[in-house]
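The values are calculated or read from the model by the stated rules, or taken from the named source; none is laboratory data. Since this is a predicted model, take the numbers as computed values, not measurements. Every residue, glycine among them, receives a Cβ derived from its backbone with ideal geometry; neighbour counts consider all protein chains shown. These accessible areas exclude ligands, DNA and RNA; they are computed on the full protein's heavy atoms, side chains included. Shrake-Rupley method; radii C 1.70, N 1.55, O 1.52, S 1.80 Å.
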Amino acid sequence: MENTEITVSMKTAMAEHQHICECYRTAATAIVEMGRSLKNIRDYKLYIALGYESFKNYLESNGDYTFKERQAYTYIKLYEDNSTKFLEEHASIGVTKLELLSKLPEYEREEFADTHDLGGMTVEEVKKLIKEKQALGEQLTFLEEEKKEQTESAESLRAELEELREKLKQAEDKPIEVVKRDLDEEEIDKIRLSIRQELHAEHMKELNSLKKSSREAVKAAEAEKNNALKEAQTERDNAVKEAVAKYETALSKAKAEAEEADHAKAELEKKLKSGNADEARVALKIIFENVQKGLTEFIEKINDIEDPQTKEKFITVTSQWLRQAADDLEG
(Lines give C-alpha, C1' and ligand atoms only; values in the text may rest on other atoms or scores of the structure.)
Protein backbone atom coordinates (compact mmCIF):
# COMPACT_ATOMS: atom_id res chain seq x y z
CA MET A 1 0.00 0.00 0.00
CA GLU A 2 2.84 2.35 0.88
CA ASN A 3 4.61 1.71 -2.45
CA THR A 4 1.37 2.46 -4.33
CA GLU A 5 0.97 5.81 -2.57
CA ILE A 6 4.56 6.77 -3.39
CA THR A 7 4.04 5.83 -7.04
CA VAL A 8 0.89 7.92 -7.26
CA SER A 9 2.64 10.85 -5.57
CA MET A 10 5.57 10.57 -7.94
CA LYS A 11 3.27 10.52 -10.96
CA THR A 12 1.36 13.51 -9.69
CA ALA A 13 4.59 15.39 -8.93
CA MET A 14 6.03 14.68 -12.38
CA ALA A 15 2.80 15.78 -14.06
CA GLU A 16 2.77 19.05 -12.12
CA HIS A 17 6.48 19.58 -12.84
CA GLN A 18 5.93 19.10 -16.57
CA HIS A 19 2.97 21.49 -16.44
CA ILE A 20 5.14 24.13 -14.71
CA CYS A 21 7.85 23.71 -17.37
CA GLU A 22 5.28 24.09 -20.13
CA CYS A 23 3.82 27.20 -18.46
CA TYR A 24 7.33 28.64 -18.11
CA ARG A 25 8.00 28.14 -21.83
CA THR A 26 4.55 29.47 -22.70
CA ALA A 27 5.05 32.57 -20.52
CA ALA A 28 8.40 33.33 -22.16
CA THR A 29 6.90 33.06 -25.64
CA ALA A 30 3.69 34.86 -24.63
CA ILE A 31 5.47 38.11 -23.69
CA VAL A 32 7.12 38.30 -27.11
CA GLU A 33 4.07 37.22 -29.11
CA MET A 34 1.71 39.42 -27.07
CA GLY A 35 3.89 42.47 -27.68
CA ARG A 36 4.25 41.73 -31.40
CA SER A 37 0.52 41.17 -31.98
CA LEU A 38 -0.57 44.19 -29.93
CA LYS A 39 1.92 46.35 -31.84
CA ASN A 40 0.55 45.14 -35.18
CA ILE A 41 -3.05 45.76 -34.09
CA ARG A 42 -2.09 49.30 -33.01
CA ASP A 43 0.36 50.28 -35.78
CA TYR A 44 -1.73 49.02 -38.69
CA LYS A 45 -5.07 49.99 -37.07
CA LEU A 46 -6.34 46.43 -37.46
CA TYR A 47 -8.88 47.09 -34.71
CA ILE A 48 -10.98 48.97 -37.30
CA ALA A 49 -11.46 45.73 -39.25
CA LEU A 50 -12.80 44.18 -36.02
CA GLY A 51 -15.36 46.95 -35.63
CA TYR A 52 -13.67 49.18 -33.04
CA GLU A 53 -13.09 52.93 -33.35
CA SER A 54 -9.85 53.05 -31.36
CA PHE A 55 -7.11 50.84 -29.98
CA LYS A 56 -8.27 51.61 -26.43
CA ASN A 57 -11.87 50.69 -27.27
CA TYR A 58 -10.68 47.40 -28.79
CA LEU A 59 -8.62 46.53 -25.69
CA GLU A 60 -11.38 47.22 -23.19
CA SER A 61 -14.44 45.95 -25.11
CA ASN A 62 -13.45 43.01 -27.35
CA GLY A 63 -15.14 40.45 -25.05
CA ASP A 64 -12.47 37.76 -25.44
CA TYR A 65 -9.97 39.33 -23.05
CA THR A 66 -9.72 42.63 -21.17
CA PHE A 67 -6.59 44.78 -21.12
CA LYS A 68 -6.05 48.21 -19.69
CA GLU A 69 -4.41 50.48 -22.26
CA ARG A 70 -1.32 50.94 -20.09
CA GLN A 71 -0.85 47.15 -19.88
CA ALA A 72 -0.94 46.83 -23.65
CA TYR A 73 1.60 49.60 -24.14
CA THR A 74 3.87 47.92 -21.57
CA TYR A 75 3.93 44.73 -23.67
CA ILE A 76 4.49 46.73 -26.87
CA LYS A 77 7.38 48.72 -25.40
CA LEU A 78 9.01 45.55 -24.05
CA TYR A 79 8.79 44.04 -27.53
CA GLU A 80 10.20 47.19 -29.17
CA ASP A 81 13.04 47.83 -26.70
CA ASN A 82 14.33 44.28 -26.08
CA SER A 83 15.53 41.36 -28.13
CA THR A 84 13.43 38.21 -28.33
CA LYS A 85 16.29 36.25 -26.74
CA PHE A 86 16.48 38.61 -23.75
CA LEU A 87 12.71 38.51 -23.13
CA GLU A 88 12.50 34.73 -23.36
CA GLU A 89 15.50 34.21 -21.05
CA HIS A 90 14.16 36.54 -18.34
CA ALA A 91 10.40 36.12 -18.71
CA SER A 92 10.24 34.38 -15.32
CA ILE A 93 10.87 37.65 -13.41
CA GLY A 94 7.57 39.10 -14.65
CA VAL A 95 6.43 41.96 -16.88
CA THR A 96 6.83 44.70 -14.24
CA LYS A 97 10.49 43.93 -13.54
CA LEU A 98 11.21 43.59 -17.27
CA GLU A 99 9.70 47.04 -17.76
CA LEU A 100 12.06 48.44 -15.09
CA LEU A 101 15.06 46.74 -16.73
CA SER A 102 14.16 48.44 -20.03
CA LYS A 103 15.06 51.79 -18.45
CA LEU A 104 18.73 50.78 -18.51
CA PRO A 105 20.80 51.06 -21.70
CA GLU A 106 20.56 47.88 -23.75
CA TYR A 107 24.22 46.98 -23.24
CA GLU A 108 23.77 47.08 -19.42
CA ARG A 109 20.56 45.04 -19.10
CA GLU A 110 22.05 41.59 -19.64
CA GLU A 111 24.87 42.19 -17.15
CA PHE A 112 22.47 43.65 -14.58
CA ALA A 113 20.06 40.72 -14.91
CA ASP A 114 22.88 38.16 -14.62
CA THR A 115 24.50 39.73 -11.54
CA HIS A 116 21.33 40.17 -9.45
CA ASP A 117 18.75 37.68 -8.19
CA LEU A 118 15.84 39.62 -9.69
CA GLY A 119 13.41 36.75 -9.23
CA GLY A 120 13.98 36.76 -5.47
CA MET A 121 13.66 40.53 -5.10
CA THR A 122 10.57 42.71 -4.75
CA VAL A 123 9.63 45.24 -7.43
CA GLU A 124 10.59 48.09 -5.07
CA GLU A 125 14.02 46.58 -4.46
CA VAL A 126 14.65 46.24 -8.19
CA LYS A 127 13.48 49.82 -8.72
CA LYS A 128 15.92 51.11 -6.08
CA LEU A 129 18.85 49.19 -7.57
CA ILE A 130 18.16 50.51 -11.06
CA LYS A 131 17.83 54.06 -9.74
CA GLU A 132 21.23 53.77 -8.01
CA LYS A 133 22.84 52.37 -11.17
CA GLN A 134 21.40 55.18 -13.28
CA ALA A 135 22.74 57.80 -10.83
CA LEU A 136 26.23 56.28 -10.90
CA GLY A 137 26.08 56.08 -14.68
CA GLU A 138 25.26 59.78 -14.90
CA GLN A 139 28.21 60.62 -12.62
CA LEU A 140 30.57 58.49 -14.71
CA THR A 141 29.33 60.09 -17.92
CA PHE A 142 29.91 63.54 -16.43
CA LEU A 143 33.48 62.60 -15.41
CA GLU A 144 34.22 61.12 -18.83
CA GLU A 145 32.98 64.25 -20.60
CA GLU A 146 35.00 66.45 -18.26
CA LYS A 147 38.09 64.31 -18.82
CA LYS A 148 37.57 64.61 -22.57
CA GLU A 149 37.34 68.40 -22.29
CA GLN A 150 40.51 68.50 -20.19
CA THR A 151 42.34 66.30 -22.72
CA GLU A 152 41.25 68.52 -25.60
CA SER A 153 42.37 71.60 -23.66
CA ALA A 154 45.77 70.01 -22.97
CA GLU A 155 46.14 69.10 -26.65
CA SER A 156 45.36 72.68 -27.61
CA LEU A 157 47.98 74.00 -25.20
CA ARG A 158 50.54 71.56 -26.53
CA ALA A 159 49.81 72.70 -30.08
CA GLU A 160 50.31 76.34 -29.02
CA LEU A 161 53.56 75.39 -27.31
CA GLU A 162 54.82 73.65 -30.43
CA GLU A 163 53.91 76.70 -32.48
CA LEU A 164 55.86 78.98 -30.15
CA ARG A 165 58.80 76.60 -30.15
CA GLU A 166 58.81 76.66 -33.93
CA LYS A 167 58.83 80.45 -33.90
CA LEU A 168 61.73 80.47 -31.41
CA LYS A 169 63.63 77.98 -33.57
CA GLN A 170 63.09 80.14 -36.63
CA ALA A 171 64.33 83.15 -34.68
CA GLU A 172 67.41 81.22 -33.51
CA ASP A 173 68.18 80.10 -37.08
CA LYS A 174 68.21 83.69 -38.41
CA PRO A 175 71.47 85.53 -38.91
CA ILE A 176 72.71 87.38 -35.82
CA GLU A 177 71.98 90.77 -37.23
CA VAL A 178 68.39 89.73 -38.08
CA VAL A 179 67.90 88.31 -34.58
CA LYS A 180 69.16 91.51 -33.08
CA ARG A 181 66.68 93.43 -35.18
CA ASP A 182 63.83 91.11 -34.04
CA LEU A 183 64.58 89.89 -30.50
CA ASP A 184 67.66 89.84 -28.31
CA GLU A 185 68.65 86.82 -26.16
CA GLU A 186 67.21 88.27 -22.97
CA GLU A 187 63.79 88.79 -24.54
CA ILE A 188 63.82 85.26 -25.93
CA ASP A 189 64.61 83.85 -22.45
CA LYS A 190 61.79 85.89 -20.95
CA ILE A 191 59.36 84.49 -23.53
CA ARG A 192 60.52 80.94 -22.83
CA LEU A 193 60.12 81.40 -19.07
CA SER A 194 56.68 82.97 -19.49
CA ILE A 195 55.50 80.08 -21.65
CA ARG A 196 56.76 77.50 -19.15
CA GLN A 197 55.07 79.28 -16.23
CA GLU A 198 51.75 79.66 -18.06
CA LEU A 199 51.70 76.02 -19.18
CA HIS A 200 52.59 74.80 -15.70
CA ALA A 201 49.87 76.95 -14.12
CA GLU A 202 47.25 75.72 -16.61
CA HIS A 203 48.21 72.08 -16.11
CA MET A 204 48.06 72.38 -12.32
CA LYS A 205 44.69 74.11 -12.53
CA GLU A 206 43.26 71.35 -14.76
CA LEU A 207 44.68 68.61 -12.54
CA ASN A 208 43.25 70.12 -9.34
CA SER A 209 39.87 70.68 -10.97
CA LEU A 210 39.70 67.08 -12.18
CA LYS A 211 40.69 65.72 -8.75
CA LYS A 212 38.07 67.89 -7.05
CA SER A 213 35.35 66.83 -9.50
CA SER A 214 36.20 63.16 -9.03
CA ARG A 215 36.07 63.42 -5.23
CA GLU A 216 32.79 65.32 -5.33
CA ALA A 217 31.26 62.79 -7.76
CA VAL A 218 32.25 59.82 -5.59
CA LYS A 219 31.03 61.59 -2.44
CA ALA A 220 27.71 62.47 -4.08
CA ALA A 221 27.24 58.91 -5.35
CA GLU A 222 27.93 57.45 -1.88
CA ALA A 223 25.54 59.91 -0.26
CA GLU A 224 22.79 59.11 -2.74
CA LYS A 225 23.33 55.39 -2.23
CA ASN A 226 23.08 55.76 1.57
CA ASN A 227 19.94 57.88 1.25
CA ALA A 228 18.40 55.32 -1.09
CA LEU A 229 19.14 52.50 1.38
CA LYS A 230 17.62 54.51 4.25
CA GLU A 231 14.54 55.32 2.19
CA ALA A 232 14.20 51.66 1.18
CA GLN A 233 14.42 50.56 4.83
CA THR A 234 11.88 53.18 5.89
CA GLU A 235 9.50 52.19 3.10
CA ARG A 236 9.90 48.54 4.00
CA ASP A 237 9.20 49.21 7.69
CA ASN A 238 6.15 51.32 6.81
CA ALA A 239 4.93 48.62 4.43
CA VAL A 240 5.25 45.98 7.15
CA LYS A 241 3.36 48.16 9.65
CA GLU A 242 0.65 48.89 7.11
CA ALA A 243 0.37 45.20 6.20
CA VAL A 244 0.09 44.20 9.87
CA ALA A 245 -2.59 46.85 10.48
CA LYS A 246 -4.55 45.72 7.41
CA TYR A 247 -4.21 42.09 8.49
CA GLU A 248 -5.47 42.81 12.00
CA THR A 249 -8.40 44.82 10.62
CA ALA A 250 -9.22 42.09 8.11
CA LEU A 251 -8.90 39.43 10.82
CA SER A 252 -11.28 41.27 13.13
CA LYS A 253 -13.76 41.75 10.30
CA ALA A 254 -13.42 38.10 9.30
CA LYS A 255 -14.04 36.93 12.87
CA ALA A 256 -17.16 39.10 13.11
CA GLU A 257 -18.41 37.84 9.75
CA ALA A 258 -17.61 34.25 10.76
CA GLU A 259 -19.60 34.59 13.96
CA GLU A 260 -22.49 36.13 12.06
CA ALA A 261 -22.25 33.39 9.42
CA ASP A 262 -22.19 30.66 12.10
CA HIS A 263 -25.30 32.13 13.67
CA ALA A 264 -27.04 32.37 10.32
CA LYS A 265 -25.93 28.83 9.46
CA ALA A 266 -27.34 27.49 12.72
CA GLU A 267 -30.66 29.20 12.07
CA LEU A 268 -30.81 27.84 8.53
CA GLU A 269 -29.96 24.31 9.65
CA LYS A 270 -32.64 24.59 12.29
CA LYS A 271 -35.19 25.61 9.65
CA LEU A 272 -34.07 22.86 7.28
CA LYS A 273 -34.42 20.20 10.00
CA SER A 274 -37.75 21.52 11.27
CA GLY A 275 -39.70 19.62 8.63
CA ASN A 276 -41.60 22.77 7.70
CA ALA A 277 -41.57 23.01 3.87
CA ASP A 278 -42.00 26.79 3.83
CA GLU A 279 -39.14 27.35 6.25
CA ALA A 280 -36.95 24.94 4.27
CA ARG A 281 -37.65 26.83 1.02
CA VAL A 282 -36.84 30.14 2.70
CA ALA A 283 -33.59 28.72 4.10
CA LEU A 284 -32.55 27.33 0.70
CA LYS A 285 -33.38 30.64 -0.96
CA ILE A 286 -31.17 32.53 1.50
CA ILE A 287 -28.32 30.06 0.98
CA PHE A 288 -28.68 30.35 -2.82
CA GLU A 289 -28.65 34.17 -2.67
CA ASN A 290 -25.52 34.15 -0.48
CA VAL A 291 -23.76 31.73 -2.83
CA GLN A 292 -24.80 33.78 -5.87
CA LYS A 293 -23.62 37.01 -4.25
CA GLY A 294 -20.31 35.49 -3.19
CA LEU A 295 -19.71 34.01 -6.66
CA THR A 296 -20.47 37.36 -8.34
CA GLU A 297 -17.99 39.16 -6.07
CA PHE A 298 -15.42 36.42 -6.72
CA ILE A 299 -15.78 36.80 -10.53
CA GLU A 300 -15.42 40.59 -10.23
CA LYS A 301 -12.20 40.15 -8.24
CA ILE A 302 -10.85 37.79 -10.91
CA ASN A 303 -11.64 40.33 -13.66
CA ASP A 304 -9.72 43.00 -11.71
CA ILE A 305 -6.50 40.93 -11.80
CA GLU A 306 -4.02 42.63 -14.16
CA ASP A 307 -1.49 39.81 -14.55
CA PRO A 308 -2.78 37.58 -17.41
CA GLN A 309 -1.17 34.39 -16.08
CA THR A 310 -2.60 34.75 -12.57
CA LYS A 311 -6.01 35.65 -14.00
CA GLU A 312 -6.03 32.61 -16.30
CA LYS A 313 -5.09 30.36 -13.37
CA PHE A 314 -8.06 31.54 -11.28
CA ILE A 315 -10.43 31.24 -14.26
CA THR A 316 -9.34 27.64 -14.89
CA VAL A 317 -9.67 26.56 -11.24
CA THR A 318 -13.07 28.29 -10.86
CA SER A 319 -14.41 26.72 -14.07
CA GLN A 320 -13.35 23.25 -12.88
CA TRP A 321 -15.05 23.80 -9.52
CA LEU A 322 -18.31 25.00 -11.14
CA ARG A 323 -18.35 22.03 -13.51
CA GLN A 324 -17.80 19.67 -10.55
CA ALA A 325 -20.62 21.38 -8.65
CA ALA A 326 -22.93 20.96 -11.65
CA ASP A 327 -21.99 17.27 -11.94
CA ASP A 328 -22.71 16.78 -8.20
CA LEU A 329 -26.17 18.39 -8.62
CA GLU A 330 -27.04 16.27 -11.65
CA GLY A 331 -25.67 13.12 -9.98
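Below is a table of values for the structure above.
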| item | result |
| --- | --- |
| Segment Lys255-Thr115, extension gain: residue separation times 0.36 nm, minus the distance between their alpha carbons | 45.8 nm |
| Computed accessible area, Tyr65, all protein chains, 1.4 angstrom probe, square angstrom | 80 |
| Neighbour net charge for Ser61 - beta-carbon separation under 13 angstrom, K R +1, D E -1 | -2 |
| Cα→Cβ-extended label distance, 7 Å offset, between Ser209 and Ala264, nm | 7.7 |
| 28 Å Cα-Cα threshold exceeded, pairs from Lys45/Lys293; Lys265/Lys301; Lys169/Lys212 | Lys45/Lys293; Lys169/Lys212 |
| Ranking by accessible area, most exposed first, for Glu145, Glu279 with a 1.4 Å probe | Glu145, Glu279 |
| Tyr79 accessible area, assembled protein chains, probe 1.4 Å, Å² | 70 |
| Glu125 versus Glu297: modelled label distance in nm, points set 7 Å from Cα along the beta carbon direction | 3.4 |
| Arg323, Arg36, Arg236, Arg192, ranked by accessible area, largest first (probe 1.4 Å) | Arg323, Arg236, Arg36, Arg192 |
| Cross-link pairs Lys77/Lys219; Lys68/Lys313; Lys128/Lys219; Lys77/Lys133; Lys97/Lys225; Lys148/Lys205 - those with Cα-Cα distance over 25 Å | Lys77/Lys219 |
